[in-house]
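Below: the structure, in structure tokens.
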Amino acid sequence: MIEAKSITKFFSVVNEKGLAEGLTAVLNVSLTIPDGKIVSLLGPSGCGKSTFLEILAGLQAPTDGEIHIDGKLVLEPLPSTRKEMEAYKRRYRFISPLANGVFRDRPKHDIAMIFQDYAVFPWMTALQNINFALKLRNAGAGKMARAARNERARYYLNQVGLGEQENKYPSQLSGGMRQRLALARALSVEPKIILMDEPFAAVDALTREKLQDDLLKIWEKTREGSFPVIIVMVTHDTAEAVYLSDEVIVFSPSPGSIRNRIPIDIKRPRARSDPEIIDIQERIFAMFQYDLNQESDYSI
């Protein structure tokens, strides 16, 4: 389970006159996501969705608030006063860089992240890309043998329809295939949480719908197994958010805060032409229209 408690992210920036200015990207966001759910973060550009996703991943520390995953703190808020800074230094002072690396920098949570630009290694084949991720994740005493890594890599390549492409390099794959490879690599380490930042934005509409359906099939299989995966996805596509999600979190314009939470209580498998789905899409679009123009043609 993911628990976000009063998350705020403030950036200090220097303007063209050389003066310091403040920018609040995320403001007081609290959110709980149970295991085995798909949640989409939806909102206008610049509203802090991706920043909030990176805070969930531990790639950024919040200015205020905390993220807990299965009861464990992801990252502490950054110290904001001299007193807090001194306490922070005392808490995280280790006897050597080696000890620091062993105790502080090792992964604490089973999280995989998928970016818009695929982020696969171009000099590795599809099989090698997944094998490398498995090797990194399973370093140490419990590391997997090469044969076991290859077996798991091939399994997840088959899951995303790339079983016959294992020896091809990313440059030899289409955009949709590269994104499937990124998904297979994320799934191969069997994380509890997959975070996705506009994962299907760079592909055409037909490929996007196929990737959405592939994602749902794989996610459904994890629900049958021992690790029901949480998926949190940033998207600008209202139809995508409603079709995929158990809940859509609508962010307000900057600074990003939760504008509305919309549960999608529609049984799966869903049809994109379902009147209920279309009605929810229209409601969300009306919210955006109201935020931008202070008027709407739909009764929210």
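Ordered by packing density, taken as the mean number of other Cβ atoms within 10 Å over each peptide's residues, highest first, how do 120-126, 239-245, 67-73, 186-192 rank?
Values: 120-126: 16.1, 239-245: 23.4, 67-73: 14.3, 186-192: 20.6.
Top to bottom by mean Cβ count within 10 Å: 239-245, 186-192, 120-126, 67-73.
Quick one: length gained pulling LEU19 to ASP279 fully straight, 0.36 nm per residue minus the C-alpha distance?
Details: separation 260, 0.36 × 260 = 93.60 nm, distance 4.70 nm.
The LEU19-ASP279 span can extend by a further 88.9 nm.
Rank-order 2-13, 260-271, 49-60 by packing density, defined as the average count of other C-beta atoms within 10 Å over each peptide's residues, highest first.
On the way: 2-13: 17.0, 260-271: 12.4, 49-60: 21.0.
Peptide ranking by packing, descending: 49-60, 2-13, 260-271.
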Quiz item: When the convex hull of the C-alpha atoms of region 211-264 is computed, what volume per residue in Å³ does it have?
Solution: 89 Å³
Exercise. For a label point 7 Å from the Cα of ASP110 along Cα→C-beta, name the residues of region 198-221 whose backbone N is under 17 Å from it.
Key: 218-221
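Compute the FRET efficiency between ARG146 and SER174 as 1/(1 + (r/R0)^6), taking r as their Cβ-Cβ distance and R0 = 25 Å, and round to the nearest 0.05. Each step should come with its number before you reach the end.
Numbers: r = 29 Å, r/R0 = 1.15.
It comes to 0.30.
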Self-check item: Nitroxide proxy distance, nm - points 7 Å out along Cα→Cβ at GLN289 and LYS72
Solution: 4.7 nm
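Net charge around LYS143, counting only other residues with Cβ within less than 12 Å of its Cβ (Lys, Arg = +1; Asp, Glu = -1)? Could the numbers behind the result be given before it?
On the way: positive: LYS135, ARG137, ARG146, ARG149; negative: none.
Summing Lys/Arg as +1 and Asp/Glu as -1 gives +4.
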Quiz prompt | Ranked packing of 251-257, 161-167, most packed first, by mean Cβ within 10 Å | solution = 251-257, 161-167
Quiz item: If you stretched the chain out fully between PHE10 and LYS217, how much longer would it get, using 0.36 nm times the residue separation minus the C-alpha to C-alpha distance?
Solution: 70.7 nm
Quiz item: Cα centroid distance between region 229-299 and region 136-203, in Å?
Solution: 29 Å
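Read-outs throughout are calculated quantities, based only on the coordinates presented, and are distinct from any laboratory measurement. Everything numeric in this text was worked out from a predicted model, so none of it was measured. Methodologically, a virtual Cβ is constructed for each residue, glycine included, from the backbone with ideal geometry; neighbour enumeration extends over all protein chains shown.
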